[in-house]
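Written out below as structure tokens is the structure these notes cover.
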Amino acid sequence: MEDTDTQNVNNVEENKVNTVNDANAPSNAADSQNAQAANQSAAAKPKKKNKGLIVGSIVVVIIIIAVVAAYLLTSSSASTVKSGDLVEVYFKGSFTNGTVFQEGNFNFTAGSNQVISGFSNAVIGMKLHQIKNITLTPQEAYGEVNQSEIVSVPLTDFANQSIKNGTVVTSSTGLSGTVIAVNATDATVNFNPPLAGDTLNFEIEVLKISK
């Protein structure tokens, strides 16, 4: 009898435990679902953060490229000779046989008539420290020889001057000419530019550009 009563008590206790476990089961399931949702949310946050970092990096790269491009464009424009710029150049001029007739540095305004047209046009568009070699025809340089500019002048017009071949003289109008022949009474003077009629080679380097 006592054993039967003890068994009944145990059955009652076991039923209570099972009832409690069954009652807690929905709560445990809910907790598991909440934990899973929290883990999914936590996993999603780094993805969103990483996406934001990527977009931000792309924006920074685009800005840097734009700034560099603007700088290069401005720098390129500033270092290129344009008409009206004051430039300093080094040049070496030679005849077609290679004989150098002049070289050195000088300043002039690009596009002006301060120098021969072919030389000025060649410099326009050059960049700072660029070196260029050009060949100019007489039309681009000092023109063809004009025979009307070769005249005979009485020696009496050159008072107190020693006249010989190669002497540079000045006319009454201010033109400079070179004596190419002399006789007892007259001197033949060439008032053409000294390099008229010649094809000329030039080596040019741009040393400075002032806007």
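Scanning the range 130-144 for residues being outside any strand (DSSP E or B) and within 22 Å of VAL100 (Cβ to Cβ) gives a total of 7.
Residues are listed down the side, and each one gets a yes or a no for (1) surrounded by 13 or more Cβ atoms within 10 Å (Cβ to Cβ); (2) within 33 Å of the chain's Cα centre (by Cα); (3) closer than 30 Å to ASN183 by Cα:
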site	(1), (2), (3)
VAL61	no, yes, no
GLU88	yes, yes, no
GLY93	yes, yes, no
ALA110	yes, yes, no
ASN133	no, yes, no
ASN165	no, no, yes
SER171	yes, no, yes
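Among the residues of the range 169-185, just one is closer than 12 Å to SER152 by Cβ and out of contact with any strand residue (DSSP E or B) (no Cβ under 8 Å at 6 or more places or on another chain), namely ASN183. Scanning the range 114-170 for residues that are among the β-branched types (Val, Ile, Thr) and under 19 Å from PHE95 (Cα atoms) gives VAL115, ILE116, ILE131, ILE134, THR135, THR137, VAL145. Considering SER57, SER75, SER94, SER79, the condition of being modelled with pLDDT under 95 and in contact with a strand residue (DSSP E or B) (Cβ under 7 Å, 6 or more places away or on another chain) is satisfied by SER79 alone. On the basis of being more than 24 Å from the chain's Cα centre (by Cα) and not in a helix (DSSP H, G or I), does GLY125 make the cut? In short, no. Restricting to the range 170-188, and then to whatever is part of a strand (DSSP E or B) and in contact with a helix residue (DSSP H, G or I) (Cβ under 9 Å, 6 or more places away or on another chain), can you tell me which residue is farthest from ILE116 (Cα to Cα)? Going through the qualifying residues, I end up with ASP186.
Residue by residue through the range 150-163, note down the ones that are surrounded by 10 or more Cβ atoms within 10 Å (Cβ to Cβ) and either among the polar types (S, T, N, Q) or assigned to a loop (DSSP other than H, G, I, E, B) (or both). The answer is SER152, PHE158, GLN161, ILE163. THR156 - would you say it is more than 30 Å from SER79 (Cα to Cα) and of a type in the set (S, T, N, Q)? Criteria met by THR156.
VAL179 fulfils the conditions (1) surrounded by 13 or more Cβ atoms within 10 Å (Cβ to Cβ); (2) within 30 Å of ILE204 (Cα to Cα) except for a single criterion, (2).
For the range 183-199, the set of residues classified as over 30 Å from ASN133 (Cα atoms) and surrounded by fewer than 16 Cβ atoms within 10 Å (Cβ to Cβ) consists of ASN183, ALA184, THR185, listed by residue number.
The values are calculated or read from the model by the stated rules, or taken from the named source; none is laboratory data. If you're wondering where the values come from, they're calculated on a predicted model, not measured in any experiment. Positions of Cβ are generated from backbone atoms using ideal geometry, with glycine treated the same way; all protein chains shown enter the neighbour counts.
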